[in-house]
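I have placed the structure first, in the form of structure tokens, so that the comments after it can refer back to it.
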Amino acid sequence: MLAPIFRLRPMENLVEARKITKIYADGTVALRDVDFQVRPGEVMGLLGENGAGKTTLTKIISGLLSPTSGTIFWKGKAVRFSSPREALQAGIGMVHQHFALVGPFTGLENIALGAEGGGLLSPVKLKTIRTKVEEIMSRTGLHAPLDAPVEELPVGVQQRIEILKILFREVELLILDEPTAVLTPQEVDELFAVLRNIAAQGKSVIFITHKLREVLAVTDRITVLRRGEVVGVRETPRTSVEELAQLMVGQELGVLRQKEPRERGPEVLRVEELVVPGPAGEPAVRGISFTVHAGEIFGIAGIQGNGQTELVEALVGLRPWNGRVELNGRSLAGLGPAQIAALGLAHIPEDRHGMGLILDMNVTENSILGRISAFQGFLGRLRWASAQRFAQDLIARFSIQARGVRAPARSLSGGNQQKLVVGRELSKSPRILIANQPTRGLDIAATRFIRELLLRLRDEGMAILLVSADLDEIFELADRVAVMYRGTFTGVLPAEELDREKVGLLMGGLSLEEARG
Amino acid sequence: MRAFLETFAALVLGILIGAAIMALWGRDPWTSYAALFQGAWGNTRALMSTVSRSLPLVLTGLTFAVGVRAGLFNIGAQGQMLLGAVVALSTGLLSLPMGLHLLVALVLAGLAGIIWALPVALLKLFRGVSEVISTIMLNWVAHWLTLFLVVRKLSDPMRGERTFQVPTTMRFPVIQGELTWSLVASLGLALFFYWFLWHHAKGFEIRAAGLNPKAAKASGIPVSRAILLALLLGGLSAAWAGAIQVLGRFPYAITSDLANLGNLGFDGIAVALIGRNHPLGVLAGAFFFGTLATGAARMGLRGIPIDMIQIVQGVIVVSMAVPEAFRLIRLRRKREEK
């Protein structure tokens, strides 16, 4: 058989980044000689830990940032987009972690915003836009209500509108930055189906994530970034969780400490009919009751923004509340953070920059936050020498990487900042530890460190209340799990009864009976 | 170190711009600046005068600085300073023995400053009123109240241009020339503020509350109490500025136009900014301010018009205050984002 001599070479790459380096103004090298390709019609996973450079790379591709050196090729031609608008016109659209939607506008209006034809003399024709959007919805399976103000819609639906907005511009490359962070497992599955549909129609998708399970579920190929460099490109069917994890972290990880069943001890925290007012006067927590016992991890799962923040802030004394809360039989009514902490409650806040640490203070100063009285001498003088010894001790015990006890907390990496918070809180030898999103944004090694620590504390008999939007974390650690939805618990399950699907349904607001049925 | 270099660079820049302005209007910058520094530092007498002029500025500078450390923008020093001056002066109506009289005057003036700062704190903590607004308003109340007392109640019947002079039992003894032992009050309070903020638990709480109120609160620090303390300490310090100006400097009285109290309170803001809101930096900032003030007189003698001297002073001060002012604005914006 004769091979055709002149065969049109199919376009190899839709987009290609060649030798991209990005150095930020403060000297941080975000990307170093990165080569990255996406073919037409594929879902490319961009995997890496926080700070690996995933978002920077895609921001360069979508015209939001310009590279320090290197070139972007779009359909084989070198391009240099000076704004996201130019990239969008060329056919590249990105959905960011923080949406760009106008709250009081409807879905349709948001999609129409900035669409072509919106001149003074050629008004936007909402009707034609609607037809086109509906056509896109049926083609991709991405459905969303178009006539409700977007601020009234759940985050998962807002995300769909954001994606529709991009698809409406007829992009050929869709970039999604950590899109699953705000979704229930069911919504994640639906999103994945949509992404497959989009790829099947010949368009390409870049899917940014740090979650191994997800990247394996939806992509064709995976590019792994570590510290601003590409450490591997893999065909999805020919790789594994283990291999990807190793690429991402750069070292082999031991097996995670296994949770062993354990008799739970006496009750430490009792919460009854707790109601916490939210920001707009509406209650953010609507009458929930639970107990936490010594030697157990009580997990609260749920999508962020369903009242978890308010619940925790109420328990630690930062927010007024109604109902009954008892710690070791003592009522917490009317007590402030210092008094509650004195009763044996330690708190790892969800926002370690805003609430856990004072970034402009040094390690020593941060390590004595909340226990200043222990370092007071004559007439309230602070005994800095002993505070520094204490900080030194924390650094050693929790293997915190810091330049020293006088290094500003800002100079520590995220994982080490969190270790500092955790170490400080545990040094108060609490009866109960409230850990709110304790590993959010941490690298794998630090995440593992914290999780193992929590398990060890549980085995040593501490009561732990773990609030986490990360289901893997809940599954790994919790003995009992409550799922929080719009200020209430949709269900409380023992660990044996847990499965992803059930928890997912509860997270979406179904009751336990419905979820079991 | 970096802060020091920045300030130094700003100083050089300010001096250069000032020089350019003078050159532009046909004055020789070189001789003008020579006059300025000679006038301020040229001999012991000049140096004493310079130090003496900087002492009250140290205190009003501290007021603003300790406020910033607590996350406040406290511009109430002017009013508290005026009140401190008038209360210190009024203590002269009592007759007490040497030394004790001075002490009583300082205590009463300090109390007046604290009382004047109290409504600012209460309005902020219980009604959420910005300290910027309340201090501006209270500054005016203090201004007219002081003017009323000075003109109507405390004036010297023989000398219309000023109040009665404070009795000698209440004056700070002279060290040399214009310099009196009010030096101890200023220096002592600056050192105390430094020690308090960096080596005392309550001072630590003030700094924590100022840098990140949310984290401070979560860790159990009573943020409201820290803010209250910072405002009251500021009131004390500003009132002492007024007091030492009356008790430690000629004419040992308040002039009927309040001119010898001038803008000590507001100048304290610039002093604090130049000194990076650090009590020891404030000492340097005040000395620098005193230098410009004393040196200006000598520049005037060289025939430089007073307007131009003030322009040059202004340019230098502004350029030196700019780096810290920007840092504060950034800090505030960051806090509001949270």
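The values are calculated or read from the model by the stated rules, or taken from the named source; none is laboratory data. Computed from a predicted model, the values in this text were never measured in an experiment. Don't worry about glycine lacking a Cβ; one is built from the backbone with ideal geometry, like all the others, and counts go over all protein chains shown. Just so you know, the surface numbers come from the protein's heavy atoms only, side chains and all, with ligands and any DNA or RNA stripped out. Shrake-Rupley method; radii C 1.70, N 1.55, O 1.52, S 1.80 Å.
In table form, for the structure just shown:
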quantity: Where A meets B: accessible area buried, both sides, 1.4 Å probe, Å²; calculated: 1900
quantity: Dipole of the protein assembly as shown, positive direction: furthest Cα of A:212, B:245, A:475, with charges on the beta-carbon; calculated: B:245
quantity: Nonlocal Lys pairs with alpha-carbon distance under 22 Å, region A:15-249 (8 or more apart, or different chains); calculated: 22
quantity: Separation of the residue B:280 and residue A:272 label points, Cα + 7 Å toward Cβ, nm; calculated: 5.8
quantity: From the C-alpha gyration tensor of region A:263-350, square roots of 5λ in Å; calculated: 20, 16, 12
quantity: Along each principal axis, Cα extent of region A:15-249, largest first, Å; calculated: 50, 38, 32
quantity: Relative packing of A:27-34, A:346-353, which averages over residues the other C-beta atoms within 10 Å, highest first; calculated: A:346-353, A:27-34
quantity: Residue list for region A:375-402, given a label point 7 angstrom along the Cα-to-Cβ vector of residue A:460 and an amide N cut-off under 18 Å; calculated: A:390-400
quantity: For region A:315-466, the fraction of alpha-carbon pairs in successive 10 Å shells from zero, as %; calculated: 11, 39, 36, 14, 1
quantity: Those residues of region A:325-368 for which accessible area with every protein chain present is at least 20 Å² below the isolated value (1.4 Å probe); calculated: A:337, A:338, A:354, A:355, A:358, A:360, A:361, A:365
quantity: For region A:15-249, share of DSSP beta bridges that run antiparallel, in % to the nearest 5; calculated: 55
quantity: Within the accessible area of region B:2-337 (1.4 Å probe), percent carbon and sulfur; calculated: 70
quantity: Protein accessible area in chain A, 1.4 Å probe - carbon and sulfur %; calculated: 51
quantity: Separation in nanometres of the label points that stand 7 Å from Cα toward Cβ, at residue A:155 and residue A:249; calculated: 2.6
quantity: Size of the protein assembly as shown as Cα extents on the principal axes (Å, biggest first); calculated: 119, 73, 53
quantity: Computed E for residue B:1/residue B:104 - FRET, C-beta separation, R0 35 angstrom, nearest 0.05; calculated: 0.20
quantity: GluC sites (Glu not before Pro) restricted to region A:460-514 and DSSP loop, no more than 11 other C-beta within 10 Å; calculated: A:460
quantity: Rounded FRET efficiency, nearest 0.05, which uses the C-beta distance separating residue B:41 from residue B:311 and R0 of 22 Å; calculated: 0.50
quantity: Size of electric dipole in the protein assembly as shown: Cβ of Lys, Arg +1 and of Asp, Glu -1, about Cα centre, debye, nearest 20; calculated: 2420
quantity: Solvent-accessible area per residue, Å², over the protein assembly as shown with all protein chains present [probe radius 1.4 Å]; calculated: 45
quantity: Radius of gyration and maximum dimension Dmax of region B:2-337, Cα, Å; calculated: 20.1, 62
quantity: Cβ-derived FRET efficiency at R0 45 Å, residue A:200 paired with residue A:291, nearest 0.05; calculated: 0.35
quantity: Average projection area in nm² (convex hull over Cα atoms of region B:1-99, one quarter of hull surface); calculated: 10.9
quantity: Region A:357-429 - Rg over Rh from alpha carbon coordinates, Kirkwood radius; calculated: 0.95
quantity: Share of Cα-Cα pairs in region B:49-136 lying beyond 18 Å, as whole percent; calculated: 52
quantity: Computed lengthening from residue A:19 to residue A:472, 0.36 nm per intervening residue step minus Cα-Cα distance; calculated: 159.5 nm
quantity: DSSP beta bridges in chain A [antiparallel fraction, %, rounded to 5]; calculated: 55
